[in-house]
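Reviewing the structure listed below.
The values are calculated or read from the model by the stated rules, or taken from the named source; none is laboratory data. Keep in mind that what you see is a predicted model, and the values were worked out from it rather than measured. Cβ atoms come from the backbone with ideal geometry, glycine included; neighbour counts cover every protein chain shown. Just the protein is used for accessible areas: all its heavy atoms, side chains included, with ligands, DNA and RNA removed. Shrake-Rupley method; radii C 1.70, N 1.55, O 1.52, S 1.80 Å.
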Amino acid sequence: ISDADRLTSRAYVDWRDGRSHGAFSAYAFQGLRAADDPGLTPLVLPEGELHYVLDDSFWGGEVAFDGSIVALHRSRGLDMQRLSVGTTWTRPEILENGMALTFFAAIRGDAYRVSDPDPLLNPDVDDGDVFVRASGYVGAELRWPFLRQTETGYTQIVEPIVQIIGAPYGDGPEGIPNEDSLSLEFDDTNLFNPVKFTGLDLIESGPRANVGVRYAEFFPGGGSLEVLAGFQVRADDDPAFLGSTGLGETQSDYVGRISFTPWQGLTIVNRLRLDKDDFSVRRNEVYVQGTGSWFEIDASYLKLESDPLLTGLGPREEVNVLGRVYVSEYWSAIGGVRRDLEGSQMIESRFGVAYEDECSFFEFGFRRRFTRDRDAEPSTTFILSVRL
């Protein structure tokens, strides 16, 4: 019984060979939310992707070829077909002084064909328009780790990181639809990505640099502490980014991550995005995962600022806790709560009693939902779960 509010059907063929891989897929979607419009929901047929890594090096670096083909069909609204081909080159070097230097380059060509545009949603597009563009970048990344070991067994690492990228300005002809780059979260996971967009429809253009520093400390007993912080600077603004992303201006917001494992079995991760002007918190995520001889815990806290342009949502602040306490070798109690702190209301709560041995799992519990969606009122559900 799924809680999904959008149903996805996929038929696909996958291929893998070492580091090379490819896929050919077809997707159909059914939205269950009140705001979903079936006429604007696309049928994806086909979607094909190929990533092929050459066995032989070129100029001392690795060469990979990438290809993508996708066709979107709608009963009402824009239809689109796209073909993209490109190649990337990466060459890592370790210098005598311990610096890790990586050179990289990429070039890509895209061809689009669009039809049945909506005059209101796509005012600059005519039926049958064809768009062609080329993009690329070159760059280098320098990491210089400094390592120190103490007499008490602690290992400390300080690592400055600088990534410089050169690319031409411009994102191609007017009218190219944006289907796969609508969602963007700027955080520590993509700080040092040469291109921040998740898809191919939008291009990050212009010269830029990603700057950061990493600190790590490893404890004798197996715990660790890691801190990563950084930002992006640009020669000029990039209008492809919305202001809510924290990117696009000559200096970006600040992003960071703190990972703390005081001992084996407990991990605390905090991800932050701070405003570049006043250092106010624009995004704050805290995750706690722990296991012990008598307990399990999985908790999270999330705070997001209002983002009407990108997601259409207001400010959000939420806490979610799920725990399990073992009262004997086979018996345990499971409980959880999810609360909307911004709206000062509960979202969901649950409680159950479970029995688990080497061969089976039984749980009896209840779940209370406090949310409403059209004719779905708040409800209480009793569940008996059996796994063999």
Within segment 96-121, restricting to residues that are over 22 Å from Asp56 (Cβ atoms) and open to solvent by 70 Å² or more (accessible area, probe 1.4 Å), the one that is modelled with the highest pLDDT is Arg113
By residue number, the members of segment 154-173 that are surrounded by fewer than 16 Cβ atoms within 10 Å (Cβ to Cβ) and in contact with a strand residue (DSSP E or B) (Cβ under 9 Å, 6 or more places away or on another chain) are Tyr154, Thr155, Gln156, Ile157, Val158, Pro160, Ile164, Gly166, Pro168, Gly170, Pro173
Those residues of segment 309-364 that are open to solvent by 80 Å² or more (accessible area, probe 1.4 Å), among the aliphatic types (A, V, I, L, M) and within 30 Å of Thr245 (Cα to Cα) come to a total of 1
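Any residue at all in segment 205-216 that is open to solvent by 40 Å² or more (accessible area, probe 1.4 Å) and farther than 22 Å from Gly98 by Cα?
In the first step, residues of segment 205-216 are kept if they are open to solvent by 40 Å² or more (accessible area, probe 1.4 Å); the result is 207, 211, 213-215.
Still in the list and also farther than 22 Å from Gly98 by Cα: 207.
Yes: one or more hits.
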| said: On the basis of being more than 21 Å from the chain's Cα centre (by Cα), surrounded by fewer than 16 Cβ atoms within 10 Å (Cβ to Cβ) and among the charged types (D, E, K, R), does Asp298 make the cut? | reply: no
Residue pairs within 7 Å by beta carbon, gap of at least six or interchain, first lying in segment 154-174 and under 30 Å from Arg133 (Cβ atoms) and in contact (Cβ under 8 Å) with a residue 12 or more places away in the chain, second open to solvent by less than 40 Å² (accessible area, probe 1.4 Å) and of a type in the set (S, T, N, Q), listed first then second, are Gln163/Asn210; Ala167/Ser205; Pro168/Ser205; Tyr169/Ser205; Gly170/Ser205; Asp171/Ser205
Here is a check on your reading of the model: is Leu228 crowded, with 16+ Cβ neighbours inside 10 Å, closer than 17 Å to Asp253 by Cα and hydrophobic (A, V, I, L, M, F, W, C)? yes
Checked segment 122-144 for anything in a loop (DSSP other than H, G, I, E, B) and either acidic (Asp, Glu) or modelled with pLDDT of 95 or more (or both); matches are Asp124, Asp126, Asp127, Asp129, Trp144
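Could you list, in sequence order, all residues of segment 122-153 that are without any contact (Cβ under 8 Å) to a residue 12 or more places away in the chain and either exposed (fewer than 10 other Cβ atoms within 10 Å of the Cβ) or within 28 Å of Gly172 (Cα to Cα) (or both)? If you could, list the steps in order and put the result at the bottom.
Initial filter on segment 122-153 (without any contact (Cβ under 8 Å) to a residue 12 or more places away in the chain): 123, 126, 147-151.
Residues satisfying the conditions are Pro123, Asp126, Glu151.
Results for (1) touching a Ser or Thr at 6+ places or on another chain (Cβ under 8 Å); (2) surrounded by 11 or more Cβ atoms within 10 Å (Cβ to Cβ), shown as yes or no for each residue.
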| site | (1), (2) |
| --- | --- |
| Asp17 | no, no |
| Ser20 | no, yes |
| Arg33 | no, no |
| Gly67 | yes, yes |
| Arg74 | yes, yes |
The number of residues in segment 255-270 that are in contact (Cβ under 8 Å) with a residue 24 or more places away in the chain and open to solvent by less than 60 Å² (accessible area, probe 1.4 Å) is 8
When Phe104 is run through (1) assigned to a loop (DSSP other than H, G, I, E, B); (2) more than 16 Å from Ile176 (Cα to Cα); (3) touching a strand residue (DSSP E or B) at 6+ places or on another chain (Cβ under 9 Å), the failure sits at (1)
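Residue-wise test of (1) closer than 26 Å to Arg33 by Cβ; (2) assigned to a loop (DSSP other than H, G, I, E, B).
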{"position": "Ala299", "(1), (2)": "no, no"}
{"position": "Asn320", "(1), (2)": "yes, no"}
{"position": "Arg324", "(1), (2)": "no, no"}
{"position": "Val337", "(1), (2)": "yes, no"}
{"position": "Gly343", "(1), (2)": "yes, yes"}
{"position": "Val353", "(1), (2)": "no, no"}
{"position": "Arg367", "(1), (2)": "yes, no"}
{"position": "Ile383", "(1), (2)": "yes, no"}
{"position": "Val386", "(1), (2)": "no, no"}
